[in-house]
Amino acid sequence: MAVAALEQEILSLRKRRQLYSLMGLLLVVAVLISGYSKSNEMNSGGFLQGLSKFFDYPGEIVLEAWEAGPAFFGLIVKFIPAMLETLNIAGVATLLGGAMAVVLAMASTRNVDSWGPLIPLVRRMMDIMRAFPELIIALFLIFVLGSSPVPAMIAVAFHTAGALGKLFSEVNENIDRKPIEGLSACGASWLQRIRFAVMPQVAPNYLSYFLLRLEINVRASAILGFVGAGGIGQELRRTIGWGKGAGDETAAIFVLLFVTIMLIDQLSSYLRGKLVGAGRAH
Amino acid sequence: MAIDTLNEPVFDPQTVYQTVRKRAWVTIGVPLAILFYLVYTWFAFGVPDLLSRAQPERAAILATDSVAYKIHVTKLLRRDIMEVAIEGERRATYDAENLPDWVEVNGTDAFVDLGKGYEVQITGKVMEFSVPDYGVIKVTATNNGVNTELPPGPVPDWILDNPKKFDARPTLDRRVQVTKTKIEVHNYFGGWENFWFPFHSELYGMSFSQLWALALSNERLDPSQSNMSLIMHEFLENPDWQHGEIFTALFETIMMAVLGTLTAAIFGLPLAFLAARNFTPSKILRFGTRRLFDFLRGIDMLIWSLIFIRAFGLGPLTGALAIAFTDTGSLGKLFSEALENIDNKQVEGVRATGASQIQRYRFGVIPQILPVFVSQVLYYLESNTRSATVIGALGAGGIGLMLVETMKTSRDWENTSYIIVLTIVVVIAMDQTSGWLRRRLIEGK
């Protein structure tokens, strides 16, 4: 009898679970369908008309690139300085943001003896820094400082500090406290404990996250260039603005951007694999 | 073990020297390299030049303008009329009976009291501006410019005086301008003007409780619609603030992020099975799928959005597809890594019960990767809300494009700051929602 009641209960629980899953699934499907039909309406060109034109633009620039012949490689070389500028934006932003993130992380984790009252404060600060869209900071600084790579760099660095700070403080939470205790027993100051007990434990993970962020930041810097922050994005905006005739230059930039991003991705995932073993930072 | 260590020397000097030397190189070399790189970029970015060209006063203007508004007292000399209007806009002009109390208009002449002893008298084509601790500035508009009579002594730097135009701004919130066609006095006030309702709306200046009473009352202000819908209409259609359009744009941006991420997740999951070593024995298929992921990711959102803008024009669909294409690559890669790391024991257990292939996937594999799936999708949703604003600025529409456009016109900074505040609120809200969902679904809290 008791077994039958138990079975009954399990059955009803399972039914309810299935109902919830079904409802969740239906919700996702409903959001997708209504969202796509609504956005299809709101778009200035519809999906079906656009579909036939989808390959027109890529086709057009590929054709122009083909016509350019061997000169195409010259064009790629021509844009390397601009690409370098974008890489520099990402590099400096990741360096400065990363340094800032280390400070923020050390100030916001109980596990490494951060000063108590500061912890929630720094955490909220990092939340805000992460949430601030880079675009807004970049546009504001471009308005004040003029068109140059520096606004993009500052914008990306600001966001990086928040995003890396959070990841770093998660790493801090998982470290072994024994070295810290050992050092405090010798009378080490807080800075000495951070330097000799915490840093050696967290350095590989920090570096791995740092590299992942560098990857993301290269993409972000390229995009910010398009709104006037210099680098490859700005060149792209110029060639696209010219419309027909500059297709070969646009194609050259696309190729350069693609190759660079791929190279950096591969390099960073190889290095990360060496640092943390499995090759997975997340 | 302990005995072994006793027999061996604790350390051998050679190794210690080597380690110390190596570490010393790293300790000095890495910071030096970073410093060198920063110095190089300092010049590569042209920072010295940038600092000399920077216009910090623009930041000050933006800051004041975004939290303040000004009322213009304008005398148009050609048509000989006097106007008092908020931000000098025609649709926000004060009636002659309802002028603010710091302006006295007498025919086409006026006296403006800017407070703290700053006073402006406009008589005919002459403007007299008395400034405390300085004296009276007398400016006369002529047929081809302006004539200025300043008090004796050096000219202060807040006065811009040339034969065509006179401009004085002794404090941040008081300003006068004279050209041959008009005399204009700006008086600044804190706050956002006409934020709720247009200046000439019947609802202008009503308090919240008045509005509440009005919404519940039976007498219609406008016979054709209920009071509630009138209030909504007047608010959303406010021409200065364009609440309705801004809300639509925000909605578009959110839609881009949600649709893009969901689509990417739906296409990424099955493709991930094709790219995982333990699910797809065919090396060619695996290689092909992985390169497809790399290709989608490598092209990057920037290029995808530019291609989609060409094909589909302006709108949320464009942004959603750009996000979907890029993130199918990123999520697919992440999922396939998660699939390669699953525990095979569960799958074998399910197989032992005689489960079919589909049942093995459903009950052996999916429960293992579900946490990774959900948490990654939510992380991407979060970051895509930010990306969607940027894609919008490239030309896909939404709040990003609106922001760029208001910034370009740079007429009313309060509009820009309003959009900025709303964008940040939306991004933070999405952040919190996805964090909450993640906690609920994964940790079961």
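Within the straight-line cut-off of under 20 Å between alpha carbons, the aspartates and glutamates reachable from A:LYS274 are A:GLU215, A:ASP265, B:GLU337, B:GLU340, sequence neighbours fewer than 8 places apart in one chain being disregarded. With everything on Cα atoms, drop me the angle between helix B:227-236 and the longest principal axis of chain B, reported from 0 to 90° to the nearest 10. With rounding to tens, the tilt is 80 degrees. Along the axis of the charge dipole computed for chain B (Cβ charges of +1 for Lys and Arg, -1 for Asp and Glu, origin at the Cα centre), the listed residues B:LEU35, B:MET206, B:PRO170 are led at the positive end by B:LEU35.
Reducing region B:264-343 and region A:142-179 to their Cα centroids gives an inter-centroid distance of 27 Å.
If only the Cβ of Lys and Arg carry +1 and only the Cβ of Asp and Glu carry -1, the dipole of the protein assembly as shown around its Cα centre is close to 2820 debye.
Subtracting the Cα-Cα distance from 0.36 nm times the residue separation, let me have the gained length for B:ASP80 to B:GLU443 in nm, one decimal.
On the way: separation 363, 0.36 × 363 = 130.68 nm, distance 7.30 nm.
Roughly 123.4 nm would be gained on extension.
Comparing Cα centroids, region A:183-215 and region A:1-41 end up 46 angstrom apart. Here's the picture: charge each Lys and Arg Cβ at +1 and each Asp and Glu Cβ at -1 in the protein assembly as shown, and of A:TYR36, B:TRP25, B:LEU339 the one pushed furthest to the positive end of that dipole is B:LEU339. Which aspartates and glutamates have a Cα less than 18 Å from the Cα of A:LYS38, not counting those fewer than 8 places away in the same chain? Leaving aside aspartates and glutamates fewer than 8 places away in the same chain, those within reach of A:LYS38 are B:GLU245, B:GLU252.
Applying 1/(1 + (r/R0)^6) with r as the Cβ-Cβ distance of A:TYR270 and B:ASP95 and R0 = 60 angstrom yields a FRET efficiency of 0.25. From least to most packed, judged by other beta carbons within 10 angstrom and beginning with the fewest, A:ASP56, B:ASP240 follow the order A:ASP56, B:ASP240.
Extending 7 Å from Cα along the Cβ direction at B:THR181 and again at A:TYR20 yields two label points whose distance is 6.9 nm. Taking every residue in A:220-226 and counting other chain Cβ atoms within 10 Å of its Cβ, the average works out to 4. Candidate cross-link partners of B:LYS138 among the lysines, defined by an alpha-carbon separation under 27 Å and a same-chain spacing of 8 or more, comprise B:LYS70, B:LYS75, B:LYS116, B:LYS125, B:LYS164, B:LYS165, B:LYS180, B:LYS182. The simple spin-label model puts a point 7 Å past each Cα toward its Cβ; for B:PHE36 and A:LEU51 those points are separated by 5.7 nm.
How big is the convex hull of the Cα atoms of chain B, per residue, in Å³? Residue-normalised Cα hull volume stands at 351 Å³. Once C-alpha pairs closer than 8 Å and six or more residues apart are averaged by separation and normalised to the residue number of region B:68-190, the relative contact order reads 23 percent.
How much FRET efficiency would the formula 1/(1 + (r/R0)^6) give for A:GLU173 and B:VAL374, where r is the Cβ-Cβ distance and R0 is 22 Å, rounded to 0.05? Write out the running numbers ahead of the final one.
Details: r = 22 Å, r/R0 = 0.98.
Once the sixth-power term is evaluated, E becomes 0.55.
A dipole drawn for chain B from +1 and -1 charges on Cβ atoms has a positive end, and of B:ILE399, B:LEU314, B:PRO371 the residue lying farthest that way is B:PRO371.
If you place +1 on the Cβ of every Lys and Arg and -1 on the Cβ of every Asp and Glu, how big does the dipole about the Cα centre of chain B come out, in debye to the nearest 20? Can you show the working numbers first?
Details: 41 positive and 47 negative charges, 506 e Å.
My answer is approximately 2420 debye.
Taking 7 Å steps out from each Cα toward its Cβ at B:ASN162 and B:PHE195 produces label points 3.8 nm apart.
Grab the beta carbon distance between B:TYR17 and A:LEU63, set R0 = 51 Å, and tell me the FRET efficiency rounded to 0.05. Walk me through the numbers on the way to the answer.
Values: r = 64 Å, r/R0 = 1.26.
My answer for the efficiency is 0.20.
When only the Cβ of Lys, Arg, Asp and Glu is charged (+1, +1, -1, -1), the dipole of region B:243-443 relative to its Cα centre reaches about 880 debye.
Throughout, read-outs are computed from the coordinates displayed, never taken from laboratory work. From a predicted model like this one, the values you see are computed outputs, not experimental measurements. Neighbour counts run over all protein chains shown; Cβ positions are idealised from the backbone, glycine included.
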